[in-house]
1. Looking only at the stretch 459-470, which residues are surrounded by 21 or more Cβ atoms within 10 Å (Cβ to Cβ) and either of a type outside the set (A, V, I, L, M, F, W, C) or farther than 25 Å from G545 by Cβ (or both)?
2. Select from the stretch 367-388 the residues that are surrounded by fewer than 11 Cβ atoms within 10 Å (Cβ to Cβ), in a loop (DSSP other than H, G, I, E, B) and either in contact (Cβ under 8 Å) with a residue 12 or more places away in the chain or not polar (S, T, N, Q) (or both) and list them in ascending order.
3. Determine which member of the set A69, A135 is crowded, with 17+ Cβ neighbours inside 10 Å and within 14 Å of A46 (Cβ to Cβ).
4. Residue pairs, Cβ under 9 Å, 6 or more apart or interchain, first in the stretch 389-403 and in contact (Cβ under 8 Å) with a residue 40 or more places away in the chain, second in a helix (DSSP H, G or I) and among the polar types (S, T, N, Q). List them.
5. When only residues in the stretch 451-505 that are acidic (D, E) and in a strand (DSSP E or B) count, which is farthest from R556 (Cα to Cα)?
6. Which one of these does A167 not meet: (1) assigned by TED's automatic domain parsing to the domain that holds I106; (2) modelled with pLDDT of 75 or more?
7. Scan the stretch 217-258 residue by residue and report those that are among the aliphatic types (A, V, I, L, M) and outside any helix (DSSP H, G or I).
8. Please count how many residues of the stretch 284-311 are aliphatic (A, V, I, L, M), assigned to a loop (DSSP other than H, G, I, E, B) and over 31 Å from the mean Cα position of the chain (by Cα).
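The values are calculated or read from the model by the stated rules, or taken from the named source; none is laboratory data. Keep in mind that what you see is a predicted model, and the values were worked out from it rather than measured. As a convention, Cβ positions derive from the backbone with ideal geometry for all residues, glycine included, and neighbour counts pool all protein chains shown.
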Amino acid sequence: MRLAHRLLLGSLLLVGVLVVVVVLVIDRQLHTRLIELTTDDLAREARLLATQWTGNADADSLADVAGAALGHRVSLVNAEGVVVGDSEFDEPALSRLENHLGRPEIAAAIRGGVGTARRVSPSAGDEEYYVAVRAALGVARVSQTTRSLESIFARARSDVYAAGLLALVCAGALSFIFSRSVSRPIVELRDVARALAGGELTRRPALSAPGEVGDLASALHRLAEQLGGRLRAIEAEESLVGRLFDSLNEGAVVVDRARTVVRINEAARQILDVWAPTPFSADLLPRERALREALAAALAGETSERAEAVIGARWTLLTARPLSEGRAVVALFDVSPIRRLEAVRRDFVANVSHELKTPLTIVGGFAETLDEDDSLSAEQRRHFVRLIRTNTARMQRIVDDLLDLSRIESGGWVPNPARVDTATAAGEALAGCRVAAEAKGIRLDTEIAADAAAVFADPTAVRQVLANLVENGVRHTASGSVTPFARREGDGVWVGVRDTGAGIAPEHLPRIFERFYRVDTARSRAEGGTGLGLAIVRHLVEAHGGRIHAESAVGRGTTVAAFFPDAPEPKPDGVTTS
């Protein structure tokens, strides 16, 4: 039931009870007062009659006249109890009336001066109310039928009931107004409280309510302001924590006691290869034993030691810690790049050692032979010296390439781009390999598109890129052609070399730009390659913001091209960038 209805019904019940009590009290008091007034009136009439009853007067005539004047029954009783006059009976009938000395009101009047009684009259047959007063000649009695009293009382009671009903209606109207005035601000406060609980923090109560309700509205208004401020602070902090959580390079997974993943950042999704929207069951996580054991220990309240596991194709360091409310967090760190770098370092040391071991062995062996064997002919000595010089030059090229590669990777070399004529750069690259190409019968051509006559790049880098690519093409082509080319595409120029050599198998093609990687190791070493040329090419191109691309088919040749972006357009005078 609504508050207004409860207040209205309660007020009506209270007012109704009060009205009933008042009506009952008034009814009782009215009845008593009416009897008292009637007694007083009848007593005054009886005294008046007693003063008029003298010895010279005819008692019956006096009673008739007085009864007619008063409108009441009048009786005159002498000292012996005989009724000598009565307004209701004539003289013959008087003789038949009983002696009245035994009547209560007569006896009381004789004893005390005044007597009253209420009874059914044996002579008249109606219930009457008697008042008797002692007179000089006996007792004067005046009576009135109770029907007249009850009629007066009934009219008075009706008036009282009507007044009570009117009071009840007025009280109901006032109660309705009161209940509405009390319940309306309370209902508003209830609605505002519900809205605040539902997150609608802009709702505010009216502050015009009187008394304690107004104080409550003011307190709720202050509460809403404080709650809004605190919620905004919590939301800002949660947003900050969420952004920090999502931006971590370390993967993080939060699991609740029901083994449900409630939060996971982008790094963890990539490491675990899990893309289901949160929340989701922890059973969807990879079934790696170390991960499962660490998670189970953390949910049991234990902190697991850091462990390394292979999840998918990634080397991952993981640790798990318990949180409050039975939750747990698993931290994941992808160490695959570190492991790859370690593998590259190991391979690099092994490759350098291997590349230098053979020429060093040759140089040392022939030097020792020249030093100890005096029987060698001059021709043999010259042959040994040529081999020593050849292997020394090879070691020098390896060292030079390593130094170039190290300088480029460490940022010690920064390109200085300018407009470079692609035909000139291609001609210089071909000139350096023309003797070797003619020895093999390889045709050297150039294909320079009209819109690619110039490229925006470091001139030295362009020449080195083309020289390395042409040298590789001549080295791996037994017959056919080696063709430097240039063509425009979008906002840059592709510069590369196409040959008709042996080609590269698909499984080797993605790795040809790695240091010391060779498709045919024995053939490359025999032809003097260091295994670093394409790695240097890739780093030179990437230093310009470009990219490298290779296409090949076994027995049909190889194409390697580098993309150099165009120069940025000059800005108009007065335009600056920040």
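1. If the condition is that a residue be surrounded by 21 or more Cβ atoms within 10 Å (Cβ to Cβ) and either of a type outside the set (A, V, I, L, M, F, W, C) or farther than 25 Å from G545 by Cβ (or both), then N468 is the only one that fits.
2. Hit for the stretch 367-388 is D374, nothing else.
3. Numbers: A69 fails: crowded, with 17+ Cβ neighbours inside 10 Å.
Of the residues listed, the single one that is crowded, with 17+ Cβ neighbours inside 10 Å and within 14 Å of A46 (Cβ to Cβ) is A135.
4. R394/T358
5. Applying the first criterion (acidic (D, E)) to the stretch 451-505 yields 451, 458, 471, 489, 491, 499.
Filter once more, so that each one left must be in a strand (DSSP E or B): 489, 499.
Details: E489: 25, D499: 8 Å.
Among those that are acidic (D, E) and in a strand (DSSP E or B), it is E489.
6. So A167 meets the others, but not (1).
7. Step one: list which residues in the stretch 217-258 are among the aliphatic types (A, V, I, L, M), which gives 217, 219-220, 223-224, 227, 231, 233-234, 236, 240-241, 244, 248, 252-255, 258.
Those that are among the aliphatic types (A, V, I, L, M) and outside any helix (DSSP H, G or I): L248, A252, V253, V254, V255, A258.
8. Let us first name the residues in the stretch 284-311 that are aliphatic (A, V, I, L, M), namely 284-285, 290-291, 294-300, 307, 309-311.
Filter again for assigned to a loop (DSSP other than H, G, I, E, B), leaving 285, 300.
Cutting the leftovers down to over 31 Å from the mean Cα position of the chain (by Cα) gives us none.
Total meeting the criteria: 0.
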